[in-house]
1. Which entries in LYS304/LYS372; LYS179/LYS434; LYS221/LYS415; LYS148/LYS197; LYS368/LYS388; LYS164/LYS197 show an alpha-carbon gap greater than 22 Å?
2. How much FRET efficiency would the formula 1/(1 + (r/R0)^6) give for LEU140 and LEU331, where r is the Cβ-Cβ distance and R0 is 51 Å, rounded to 0.05?
3. Within the stretch 170-281, what whole-number % of the accessible surface is contributed by carbon and sulfur, with the 1.4 Å probe and all protein chains included in the calculation?
4. If the viscosity is 1.567 mPa s and the temperature 4 °C, what Stokes-Einstein diffusion coefficient in µm²/s follows for the stretch 184-270 when Rh is the Kirkwood radius over Cα pairs?
5. Tell me, in nm to one decimal, what length is gained between GLU192 and LYS388 on full extension, where the rule is 0.36 nm per residue of separation less the Cα-Cα distance?
6. Quick one: if you stick a label point 7 Å off each Cα along the C-beta vector at HIS370 and LYS415, how many nm between them?
7. Calculate, in nm to one decimal, what GLU341 and LYS183 gain on full extension: separation in residues at 0.36 nm each, minus their alpha carbon distance.
8. From the Cα gyration tensor of the stretch 194-243, with a ≥ b ≥ c the square roots of its eigenvalues, which class applies: rounded if a/c is under 1.5, or else prolate if a/b is larger than b/c, or else oblate?
Amino acid sequence: MNSINGGAIYHSPSQMSLIDILFPGLGSVFVSAQQLLAGNLDSYTRLFCTLGIFVIFARYAVRYFWDISEASTIYVSYYDEAYDMLVDWIADQPFVHNAHSLIARVRSTQRTSNLYSTKKKPVTFSPWDGSFLFWYKGHLLVLHCQVKEHREDLRISSIGLNAKILKSLIEECREKYLKGTQKKVSVFEHREGEWKKARLRPVRPISTVIMDTELKNEILKDVDEFLDQDMQGWYAERGIPYKRGYLLFGPPGTGKSSFSLSLAGKHELDIYTLQLSNISDSTLMRLFSELPPHCIVLLEDVDKAGVGRRDSVDADQENESKSAVTLSGLLNVLDGVSSQEGRILIMTTNHIEHLDEALIRPGRSDKKIHFKLADQNISTQLFRTVFKQLPNQKQCNQEYDDETIKAFARDFASKVPDQVFSPAEVLSFLLECKKSPSDAISCVESWVAKAKI
Ligand SMILES: Nc1ncnc2c1ncn2[C@@H]1O[C@H](COP(=O)(O)OP(=O)(O)OP(=O)(O)O)[C@@H](O)[C@H]1O
(Lines give C-alpha, C1' and ligand atoms only; values in the text may rest on other atoms or scores of the structure.)
Protein backbone atom coordinates (compact mmCIF):
# COMPACT_ATOMS: atom_id res chain seq x y z
CA MET A 1 0.00 0.00 0.00
CA ASN A 2 1.35 3.46 -0.96
CA SER A 3 0.70 6.65 1.00
CA ILE A 4 1.51 10.24 0.16
CA ASN A 5 2.54 12.51 2.97
CA GLY A 6 3.83 16.00 2.32
CA GLY A 7 4.83 15.11 -1.26
CA ALA A 8 6.80 11.95 -0.26
CA ILE A 9 5.73 8.59 -1.56
CA TYR A 10 6.01 5.53 0.68
CA HIS A 11 5.62 1.91 -0.21
CA SER A 12 4.61 -0.73 2.21
CA PRO A 13 7.80 -2.65 3.26
CA SER A 14 6.43 -6.03 2.18
CA GLN A 15 5.69 -4.79 -1.33
CA MET A 16 9.15 -3.28 -1.74
CA SER A 17 11.00 -6.28 -0.46
CA LEU A 18 9.03 -8.56 -2.80
CA ILE A 19 10.03 -6.43 -5.82
CA ASP A 20 13.63 -6.40 -4.67
CA ILE A 21 13.68 -10.16 -4.23
CA LEU A 22 12.25 -10.80 -7.68
CA PHE A 23 14.22 -8.05 -9.49
CA PRO A 24 17.21 -6.89 -7.43
CA GLY A 25 17.59 -3.11 -7.60
CA LEU A 26 14.21 -2.52 -9.18
CA GLY A 27 12.56 -1.37 -5.94
CA SER A 28 14.75 1.69 -5.70
CA VAL A 29 14.06 2.43 -9.37
CA PHE A 30 10.34 2.59 -8.61
CA VAL A 31 10.89 4.90 -5.68
CA SER A 32 13.05 7.22 -7.77
CA ALA A 33 10.60 7.14 -10.67
CA GLN A 34 7.68 7.99 -8.42
CA GLN A 35 9.58 10.86 -6.84
CA LEU A 36 10.54 12.15 -10.27
CA LEU A 37 6.94 11.98 -11.43
CA ALA A 38 5.77 13.75 -8.30
CA GLY A 39 8.14 16.56 -9.35
CA ASN A 40 9.15 17.44 -5.82
CA LEU A 41 12.92 16.95 -6.20
CA ASP A 42 15.60 19.56 -6.66
CA SER A 43 17.56 19.51 -9.94
CA TYR A 44 20.61 17.56 -8.62
CA THR A 45 18.54 14.86 -7.04
CA ARG A 46 16.50 14.62 -10.24
CA LEU A 47 19.66 14.17 -12.28
CA PHE A 48 20.97 11.41 -9.99
CA CYS A 49 17.63 9.64 -9.99
CA THR A 50 17.45 9.75 -13.79
CA LEU A 51 20.99 8.40 -14.14
CA GLY A 52 20.30 5.65 -11.59
CA ILE A 53 17.18 4.57 -13.43
CA PHE A 54 19.07 4.56 -16.71
CA VAL A 55 21.93 2.40 -15.37
CA ILE A 56 19.63 -0.14 -13.80
CA PHE A 57 17.41 -0.40 -16.86
CA ALA A 58 20.49 -0.68 -19.08
CA ARG A 59 21.65 -3.65 -17.00
CA TYR A 60 18.33 -5.41 -17.43
CA ALA A 61 18.24 -4.48 -21.10
CA VAL A 62 21.70 -6.01 -21.80
CA ARG A 63 20.72 -9.23 -20.05
CA TYR A 64 17.38 -9.32 -21.91
CA PHE A 65 19.04 -8.57 -25.23
CA TRP A 66 21.56 -11.30 -24.52
CA ASP A 67 18.88 -13.83 -23.71
CA ILE A 68 16.83 -13.18 -26.83
CA SER A 69 19.71 -12.79 -29.26
CA GLU A 70 21.37 -15.69 -31.06
CA ALA A 71 24.56 -16.55 -29.19
CA SER A 72 27.46 -18.92 -29.68
CA THR A 73 28.56 -20.83 -26.64
CA ILE A 74 31.49 -22.98 -25.65
CA TYR A 75 30.93 -25.36 -22.75
CA VAL A 76 33.87 -26.42 -20.59
CA SER A 77 33.48 -29.37 -18.26
CA TYR A 78 35.09 -29.37 -14.82
CA TYR A 79 36.74 -32.70 -15.56
CA ASP A 80 38.37 -31.56 -18.77
CA GLU A 81 41.82 -29.99 -18.83
CA ALA A 82 40.29 -27.12 -20.82
CA TYR A 83 38.70 -26.13 -17.48
CA ASP A 84 42.16 -25.73 -15.90
CA MET A 85 43.27 -23.69 -18.91
CA LEU A 86 40.30 -21.36 -18.72
CA VAL A 87 40.43 -20.92 -14.95
CA ASP A 88 44.14 -20.16 -15.14
CA TRP A 89 43.49 -17.48 -17.76
CA ILE A 90 40.47 -16.00 -16.00
CA ALA A 91 42.34 -15.52 -12.73
CA ASP A 92 44.56 -12.91 -14.42
CA GLN A 93 41.78 -10.93 -16.10
CA PRO A 94 40.78 -7.47 -14.88
CA PHE A 95 37.06 -8.29 -14.89
CA VAL A 96 37.68 -10.65 -11.96
CA HIS A 97 38.15 -7.58 -9.74
CA ASN A 98 34.62 -6.40 -10.52
CA ALA A 99 32.91 -9.77 -10.26
CA HIS A 100 30.23 -9.84 -7.59
CA SER A 101 30.53 -13.54 -6.82
CA LEU A 102 34.02 -14.98 -6.40
CA ILE A 103 35.66 -18.09 -5.11
CA ALA A 104 38.88 -17.74 -3.15
CA ARG A 105 41.38 -20.56 -3.48
CA VAL A 106 44.57 -20.97 -1.48
CA ARG A 107 47.37 -22.08 -3.80
CA SER A 108 44.94 -23.67 -6.17
CA THR A 109 46.36 -26.67 -7.96
CA GLN A 110 44.76 -25.42 -11.16
CA ARG A 111 46.96 -22.34 -11.23
CA THR A 112 50.23 -22.70 -12.99
CA SER A 113 51.92 -19.40 -12.25
CA ASN A 114 51.70 -19.77 -8.49
CA LEU A 115 53.76 -22.90 -8.34
CA TYR A 116 56.85 -21.26 -6.94
CA SER A 117 55.20 -18.34 -5.19
CA THR A 118 57.21 -17.39 -2.15
CA LYS A 119 54.20 -15.76 -0.54
CA LYS A 120 52.80 -17.94 2.20
CA LYS A 121 49.44 -19.41 1.22
CA PRO A 122 48.74 -17.14 -1.75
CA VAL A 123 45.05 -16.72 -2.44
CA THR A 124 43.65 -16.50 -5.96
CA PHE A 125 40.15 -15.39 -6.91
CA SER A 126 37.94 -16.57 -9.74
CA PRO A 127 34.36 -15.73 -10.66
CA TRP A 128 31.98 -18.27 -9.18
CA ASP A 129 28.35 -19.20 -9.57
CA GLY A 130 26.93 -16.47 -11.77
CA SER A 131 27.22 -14.69 -15.11
CA PHE A 132 30.00 -12.19 -15.78
CA LEU A 133 30.33 -9.79 -18.69
CA PHE A 134 33.77 -8.97 -20.05
CA TRP A 135 35.45 -7.61 -23.16
CA TYR A 136 37.79 -9.75 -25.20
CA LYS A 137 39.48 -8.37 -28.35
CA GLY A 138 36.65 -5.87 -28.80
CA HIS A 139 33.88 -8.44 -28.29
CA LEU A 140 31.51 -8.47 -25.37
CA LEU A 141 31.47 -12.00 -23.93
CA VAL A 142 29.71 -13.51 -20.99
CA LEU A 143 31.14 -16.14 -18.69
CA HIS A 144 28.58 -18.37 -16.99
CA CYS A 145 29.76 -20.36 -13.98
CA GLN A 146 27.32 -23.01 -12.92
CA VAL A 147 27.97 -24.81 -9.67
CA LYS A 148 26.78 -28.41 -9.44
CA GLU A 149 27.57 -30.53 -6.41
CA HIS A 150 30.70 -28.62 -5.35
CA ARG A 151 32.10 -28.50 -8.86
CA GLU A 152 31.63 -25.90 -11.49
CA ASP A 153 31.02 -26.10 -15.21
CA LEU A 154 31.89 -23.09 -17.32
CA ARG A 155 30.25 -21.64 -20.39
CA ILE A 156 31.40 -18.71 -22.48
CA SER A 157 29.00 -17.03 -24.90
CA SER A 158 29.27 -14.34 -27.51
CA ILE A 159 26.59 -12.63 -29.55
CA GLY A 160 26.17 -14.04 -33.03
CA LEU A 161 26.39 -17.52 -34.43
CA ASN A 162 30.09 -17.41 -35.23
CA ALA A 163 32.11 -19.02 -32.45
CA LYS A 164 35.44 -17.84 -33.88
CA ILE A 165 36.16 -15.38 -31.10
CA LEU A 166 35.40 -18.02 -28.46
CA LYS A 167 37.74 -20.52 -30.10
CA SER A 168 40.42 -17.86 -30.26
CA LEU A 169 39.97 -17.22 -26.54
CA ILE A 170 40.30 -20.92 -25.70
CA GLU A 171 43.40 -21.12 -27.90
CA GLU A 172 44.92 -18.21 -25.97
CA CYS A 173 44.13 -19.96 -22.68
CA ARG A 174 45.76 -23.14 -24.01
CA GLU A 175 48.93 -21.34 -25.04
CA LYS A 176 49.24 -19.56 -21.71
CA TYR A 177 48.63 -22.79 -19.85
CA LEU A 178 51.20 -24.74 -21.86
CA LYS A 179 53.77 -22.02 -21.24
CA GLY A 180 53.06 -22.24 -17.52
CA THR A 181 53.41 -26.03 -17.49
CA GLN A 182 56.68 -26.19 -19.38
CA LYS A 183 59.33 -28.20 -17.56
CA LYS A 184 56.66 -29.57 -15.29
CA VAL A 185 54.83 -32.85 -15.16
CA SER A 186 51.06 -32.78 -14.77
CA VAL A 187 49.87 -35.44 -12.38
CA PHE A 188 46.26 -36.57 -12.75
CA GLU A 189 44.32 -38.47 -10.14
CA HIS A 190 40.82 -39.81 -10.13
CA ARG A 191 38.04 -37.86 -8.45
CA GLU A 192 34.55 -39.30 -8.35
CA GLY A 193 35.38 -41.66 -11.18
CA GLU A 194 36.89 -39.00 -13.46
CA TRP A 195 40.47 -37.89 -14.11
CA LYS A 196 41.34 -34.54 -12.62
CA LYS A 197 44.63 -32.73 -12.64
CA ALA A 198 45.88 -32.83 -9.07
CA ARG A 199 49.29 -31.16 -9.19
CA LEU A 200 52.22 -29.99 -11.23
CA ARG A 201 55.63 -31.39 -10.42
CA PRO A 202 58.88 -29.87 -11.63
CA VAL A 203 60.73 -32.10 -14.07
CA ARG A 204 63.44 -34.04 -12.32
CA PRO A 205 66.39 -34.83 -14.58
CA ILE A 206 66.69 -38.58 -15.00
CA SER A 207 70.40 -38.28 -14.16
CA THR A 208 69.43 -37.48 -10.57
CA VAL A 209 67.80 -40.88 -10.10
CA ILE A 210 70.72 -43.04 -9.10
CA MET A 211 70.63 -46.67 -10.12
CA ASP A 212 72.66 -49.22 -12.00
CA THR A 213 73.78 -47.33 -15.10
CA GLU A 214 73.44 -50.26 -17.49
CA LEU A 215 69.94 -51.03 -16.27
CA LYS A 216 68.92 -47.39 -16.48
CA ASN A 217 70.22 -47.07 -20.04
CA GLU A 218 68.46 -50.27 -21.07
CA ILE A 219 65.11 -48.97 -19.81
CA LEU A 220 65.58 -45.51 -21.26
CA LYS A 221 66.44 -47.03 -24.65
CA ASP A 222 63.38 -49.26 -24.50
CA VAL A 223 61.10 -46.30 -23.76
CA ASP A 224 62.79 -44.16 -26.46
CA GLU A 225 62.20 -46.89 -29.00
CA PHE A 226 58.59 -47.37 -27.98
CA LEU A 227 57.84 -43.65 -28.27
CA ASP A 228 59.63 -43.29 -31.60
CA GLN A 229 57.39 -41.62 -34.18
CA ASP A 230 57.36 -44.60 -36.54
CA MET A 231 56.65 -47.14 -33.87
CA GLN A 232 52.87 -46.74 -33.76
CA GLY A 233 52.67 -47.72 -37.43
CA TRP A 234 55.10 -50.57 -36.85
CA TYR A 235 52.87 -52.01 -34.11
CA ALA A 236 49.71 -51.43 -36.17
CA GLU A 237 51.08 -53.23 -39.23
CA ARG A 238 51.80 -56.29 -37.12
CA GLY A 239 48.48 -56.16 -35.25
CA ILE A 240 50.24 -55.76 -31.92
CA PRO A 241 48.57 -53.44 -29.37
CA TYR A 242 50.67 -50.30 -29.09
CA LYS A 243 51.34 -50.23 -25.38
CA ARG A 244 54.17 -51.08 -23.05
CA GLY A 245 54.28 -52.09 -19.41
CA TYR A 246 57.01 -51.86 -16.79
CA LEU A 247 57.09 -53.28 -13.30
CA LEU A 248 59.37 -51.44 -10.89
CA PHE A 249 59.98 -53.48 -7.77
CA GLY A 250 62.17 -53.16 -4.73
CA PRO A 251 62.22 -51.92 -1.13
CA PRO A 252 60.71 -48.56 -0.14
CA GLY A 253 62.82 -45.49 -0.86
CA THR A 254 64.81 -46.94 -3.73
CA GLY A 255 63.60 -44.50 -6.39
CA LYS A 256 60.65 -46.17 -8.14
CA SER A 257 58.33 -43.17 -8.00
CA SER A 258 61.18 -40.75 -8.70
CA PHE A 259 62.13 -42.73 -11.80
CA SER A 260 58.53 -42.72 -13.08
CA LEU A 261 58.24 -38.95 -12.67
CA SER A 262 61.61 -38.35 -14.33
CA LEU A 263 60.65 -40.55 -17.24
CA ALA A 264 57.43 -38.57 -17.70
CA GLY A 265 59.39 -35.31 -17.60
CA LYS A 266 61.99 -36.56 -20.08
CA HIS A 267 59.33 -37.42 -22.65
CA GLU A 268 56.93 -34.56 -21.78
CA LEU A 269 54.21 -37.01 -20.85
CA ASP A 270 51.50 -36.54 -18.27
CA ILE A 271 51.15 -39.03 -15.45
CA TYR A 272 47.81 -40.60 -14.57
CA THR A 273 48.15 -42.15 -11.17
CA LEU A 274 45.77 -44.57 -9.52
CA GLN A 275 45.46 -46.11 -6.10
CA LEU A 276 43.71 -49.38 -6.88
CA SER A 277 42.65 -49.81 -3.30
CA ASN A 278 39.75 -47.37 -3.48
CA ILE A 279 38.09 -47.93 -6.83
CA SER A 280 35.88 -50.59 -8.37
CA ASP A 281 36.40 -52.64 -11.53
CA SER A 282 33.86 -50.57 -13.43
CA THR A 283 35.49 -47.28 -12.41
CA LEU A 284 38.88 -48.66 -13.41
CA MET A 285 37.51 -49.63 -16.81
CA ARG A 286 36.01 -46.20 -17.30
CA LEU A 287 39.17 -44.37 -16.24
CA PHE A 288 41.30 -46.41 -18.62
CA SER A 289 38.90 -45.73 -21.47
CA GLU A 290 39.30 -42.00 -20.85
CA LEU A 291 43.10 -41.96 -20.92
CA PRO A 292 44.60 -39.76 -23.60
CA PRO A 293 46.94 -41.37 -26.11
CA HIS A 294 50.61 -41.10 -25.09
CA CYS A 295 50.69 -40.88 -21.35
CA ILE A 296 52.07 -42.74 -18.38
CA VAL A 297 49.69 -44.63 -16.13
CA LEU A 298 51.22 -45.18 -12.72
CA LEU A 299 49.74 -47.90 -10.53
CA GLU A 300 51.60 -47.56 -7.24
CA ASP A 301 51.89 -50.36 -4.70
CA VAL A 302 49.90 -52.83 -6.78
CA ASP A 303 50.50 -55.51 -4.17
CA LYS A 304 48.41 -53.51 -1.69
CA ALA A 305 45.34 -53.62 -3.90
CA GLY A 306 43.10 -56.70 -4.08
CA VAL A 307 45.12 -58.16 -6.92
CA GLY A 308 47.43 -60.51 -5.06
CA ARG A 309 48.31 -64.06 -6.08
CA ARG A 310 45.34 -66.25 -6.90
CA ASP A 311 46.86 -69.15 -4.99
CA SER A 312 47.05 -67.14 -1.77
CA VAL A 313 43.58 -67.59 -0.26
CA ASP A 314 44.37 -65.65 2.90
CA ALA A 315 45.82 -62.77 0.98
CA ASP A 316 42.77 -62.69 -1.29
CA GLN A 317 40.39 -62.59 1.64
CA GLU A 318 42.36 -59.86 3.32
CA ASN A 319 42.58 -57.92 0.07
CA GLU A 320 38.89 -58.27 -0.71
CA SER A 321 38.05 -56.12 2.27
CA LYS A 322 40.61 -53.51 1.21
CA SER A 323 39.76 -53.14 -2.43
CA ALA A 324 37.02 -53.41 -4.92
CA VAL A 325 39.36 -53.92 -7.88
CA THR A 326 39.76 -57.60 -8.64
CA LEU A 327 42.68 -59.27 -10.38
CA SER A 328 40.48 -60.22 -13.33
CA GLY A 329 39.16 -56.65 -13.48
CA LEU A 330 42.69 -55.29 -13.67
CA LEU A 331 43.83 -57.87 -16.24
CA ASN A 332 40.81 -57.08 -18.41
CA VAL A 333 41.62 -53.41 -18.34
CA LEU A 334 45.30 -53.94 -19.13
CA ASP A 335 44.49 -56.18 -22.09
CA GLY A 336 41.22 -54.60 -23.13
CA VAL A 337 40.52 -52.44 -26.12
CA SER A 338 39.53 -49.60 -23.80
CA SER A 339 43.17 -49.11 -22.90
CA GLN A 340 44.50 -46.21 -24.95
CA GLU A 341 47.06 -46.81 -27.64
CA GLY A 342 50.49 -45.46 -26.88
CA ARG A 343 50.16 -45.63 -23.14
CA ILE A 344 53.00 -46.66 -20.89
CA LEU A 345 51.94 -48.56 -17.83
CA ILE A 346 54.20 -48.45 -14.79
CA MET A 347 53.33 -50.62 -11.82
CA THR A 348 55.34 -50.34 -8.64
CA THR A 349 55.54 -52.76 -5.74
CA ASN A 350 57.65 -53.46 -2.69
CA HIS A 351 56.68 -57.15 -2.90
CA ILE A 352 56.92 -58.70 -6.32
CA GLU A 353 56.45 -62.10 -4.69
CA HIS A 354 52.88 -61.11 -3.72
CA LEU A 355 51.85 -60.46 -7.31
CA ASP A 356 50.06 -62.98 -9.48
CA GLU A 357 52.08 -64.40 -12.37
CA ALA A 358 49.35 -63.28 -14.76
CA LEU A 359 49.90 -59.65 -13.85
CA ILE A 360 53.63 -59.68 -14.34
CA ARG A 361 53.89 -61.74 -17.48
CA PRO A 362 55.33 -60.07 -20.62
CA GLY A 363 52.63 -58.14 -22.45
CA ARG A 364 51.41 -56.69 -19.17
CA SER A 365 54.81 -56.12 -17.56
CA ASP A 366 57.21 -56.16 -20.49
CA LYS A 367 60.20 -55.32 -18.33
CA LYS A 368 60.77 -55.88 -14.64
CA ILE A 369 63.22 -53.48 -13.08
CA HIS A 370 64.73 -54.19 -9.71
CA PHE A 371 65.39 -51.08 -7.61
CA LYS A 372 67.96 -52.07 -5.03
CA LEU A 373 69.20 -50.83 -1.69
CA ALA A 374 72.29 -48.64 -1.88
CA ASP A 375 75.59 -50.25 -2.84
CA GLN A 376 79.03 -48.60 -3.12
CA ASN A 377 78.22 -47.22 -6.54
CA ILE A 378 74.87 -45.72 -5.51
CA SER A 379 76.31 -44.21 -2.30
CA THR A 380 79.17 -42.67 -4.28
CA GLN A 381 76.80 -41.12 -6.80
CA LEU A 382 74.44 -39.84 -4.11
CA PHE A 383 77.37 -38.13 -2.38
CA ARG A 384 78.47 -36.51 -5.61
CA THR A 385 74.92 -35.38 -6.39
CA VAL A 386 74.63 -33.61 -3.05
CA PHE A 387 78.09 -31.98 -3.07
CA LYS A 388 78.75 -31.35 -6.75
CA GLN A 389 79.67 -27.84 -7.83
CA LEU A 390 76.91 -26.20 -9.81
CA PRO A 391 77.59 -23.21 -12.05
CA ASN A 392 75.76 -20.00 -11.11
CA GLN A 393 74.75 -21.26 -7.70
CA LYS A 394 75.82 -20.19 -4.28
CA GLN A 395 77.96 -23.06 -3.11
CA CYS A 396 78.16 -24.33 0.41
CA ASN A 397 81.44 -26.14 -0.22
CA GLN A 398 83.38 -23.80 -2.45
CA GLU A 399 86.73 -24.85 -1.03
CA TYR A 400 86.56 -28.33 -2.66
CA ASP A 401 87.14 -28.96 -6.34
CA ASP A 402 85.56 -31.79 -8.32
CA GLU A 403 88.47 -34.18 -7.88
CA THR A 404 88.41 -33.78 -4.11
CA ILE A 405 84.64 -34.34 -4.03
CA LYS A 406 85.13 -37.52 -6.08
CA ALA A 407 87.74 -38.79 -3.62
CA PHE A 408 85.48 -37.87 -0.67
CA ALA A 409 82.61 -39.72 -2.35
CA ARG A 410 84.64 -42.94 -2.60
CA ASP A 411 85.72 -42.60 1.03
CA PHE A 412 82.13 -41.99 2.12
CA ALA A 413 80.76 -44.96 0.15
CA SER A 414 83.36 -47.32 1.60
CA LYS A 415 81.91 -46.58 5.06
CA VAL A 416 78.29 -47.33 4.09
CA PRO A 417 77.56 -51.08 4.16
CA ASP A 418 76.18 -52.50 0.88
CA GLN A 419 72.49 -53.37 0.56
CA VAL A 420 71.54 -52.19 4.04
CA PHE A 421 70.18 -48.69 3.52
CA SER A 422 67.82 -47.39 0.87
CA PRO A 423 69.03 -44.51 -1.32
CA ALA A 424 66.37 -42.41 0.43
CA GLU A 425 68.00 -43.10 3.81
CA VAL A 426 71.52 -42.33 2.55
CA LEU A 427 70.26 -39.16 0.89
CA SER A 428 68.50 -38.06 4.03
CA PHE A 429 71.75 -38.44 6.02
CA LEU A 430 73.74 -36.53 3.38
CA LEU A 431 71.23 -33.69 3.44
CA GLU A 432 71.80 -33.31 7.18
CA CYS A 433 75.46 -32.58 6.37
CA LYS A 434 74.86 -30.71 3.11
CA LYS A 435 76.99 -27.76 4.17
CA SER A 436 80.11 -29.81 4.73
CA PRO A 437 81.26 -32.90 2.81
CA SER A 438 83.97 -33.49 5.38
CA ASP A 439 81.31 -33.63 8.13
CA ALA A 440 79.45 -36.22 6.08
CA ILE A 441 82.54 -38.40 6.06
CA SER A 442 83.42 -37.95 9.70
CA CYS A 443 79.84 -38.62 10.88
CA VAL A 444 78.88 -41.47 8.57
CA GLU A 445 80.19 -44.31 10.72
CA SER A 446 78.31 -43.21 13.82
CA TRP A 447 75.17 -42.72 11.67
CA VAL A 448 75.53 -46.26 10.28
CA ALA A 449 76.00 -47.71 13.77
CA LYS A 450 72.95 -45.86 15.10
CA ALA A 451 70.74 -46.52 12.10
CA LYS A 452 71.45 -50.24 12.10
CA ILE A 453 70.18 -50.71 15.69
N1 LIG B 1 67.75 -44.17 -6.55
C2 LIG B 1 67.54 -42.95 -6.09
N3 LIG B 1 68.19 -41.91 -6.61
C4 LIG B 1 68.00 -40.66 -6.15
N5 LIG B 1 67.13 -40.37 -5.16
C6 LIG B 1 66.45 -41.38 -4.62
C7 LIG B 1 66.63 -42.71 -5.05
N8 LIG B 1 65.83 -43.49 -4.33
C9 LIG B 1 65.17 -42.71 -3.49
N10 LIG B 1 65.53 -41.44 -3.65
C11 LIG B 1 65.02 -40.26 -2.92
O12 LIG B 1 64.22 -40.75 -1.84
C13 LIG B 1 62.92 -40.23 -1.85
C14 LIG B 1 61.90 -41.36 -1.95
O15 LIG B 1 62.07 -42.01 -3.20
P16 LIG B 1 60.89 -42.69 -4.02
O17 LIG B 1 59.57 -42.21 -3.52
O18 LIG B 1 61.20 -42.52 -5.45
O19 LIG B 1 61.06 -44.18 -3.60
P20 LIG B 1 60.11 -45.41 -3.91
O21 LIG B 1 60.99 -46.56 -4.27
O22 LIG B 1 59.08 -45.03 -4.88
O23 LIG B 1 59.47 -45.67 -2.48
P24 LIG B 1 58.10 -46.44 -2.13
O25 LIG B 1 58.27 -47.87 -2.51
O26 LIG B 1 58.00 -46.27 -0.62
O27 LIG B 1 57.01 -45.75 -2.87
C28 LIG B 1 62.82 -39.29 -3.01
O29 LIG B 1 62.83 -37.99 -2.51
C30 LIG B 1 64.07 -39.51 -3.82
O31 LIG B 1 64.64 -38.29 -4.17
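The values are calculated or read from the model by the stated rules, or taken from the named source; none is laboratory data. All of these numbers come straight from a predicted model, not from anything done at the bench. Every residue, glycine among them, receives a Cβ derived from its backbone with ideal geometry; neighbour counts consider all protein chains shown. Ligands, DNA and RNA are excluded from the accessible area calculation, which covers all protein heavy atoms including side chains. Shrake-Rupley method; radii C 1.70, N 1.55, O 1.52, S 1.80 Å.
1. Those over the limit are LYS179/LYS434; LYS221/LYS415; LYS368/LYS388; LYS164/LYS197.
2. Numbers: r = 54 Å, r/R0 = 1.07.
It comes to 0.40.
3. On the way: 2640 of 5530 Å².
The C+S portion of the solvent-accessible surface of the stretch 170-281 is 48 percent.
4. In µm²/s, the coefficient is 87.
5. Numbers: separation 196, 0.36 × 196 = 70.56 nm, distance 4.49 nm.
Extra length from GLU192 to LYS388 when fully extended: 66.1 nm.
6. 2.9 nm
7. Numbers: separation 158, 0.36 × 158 = 56.88 nm, distance 2.45 nm.
My answer for the length gained is 54.4 nm.
8. Working: a/c = 3.01, a/b = 1.24, b/c = 2.42.
Judged from the Cα gyration tensor, the stretch 194-243 comes out oblate (a/c at least 1.5, b/c at or above a/b).
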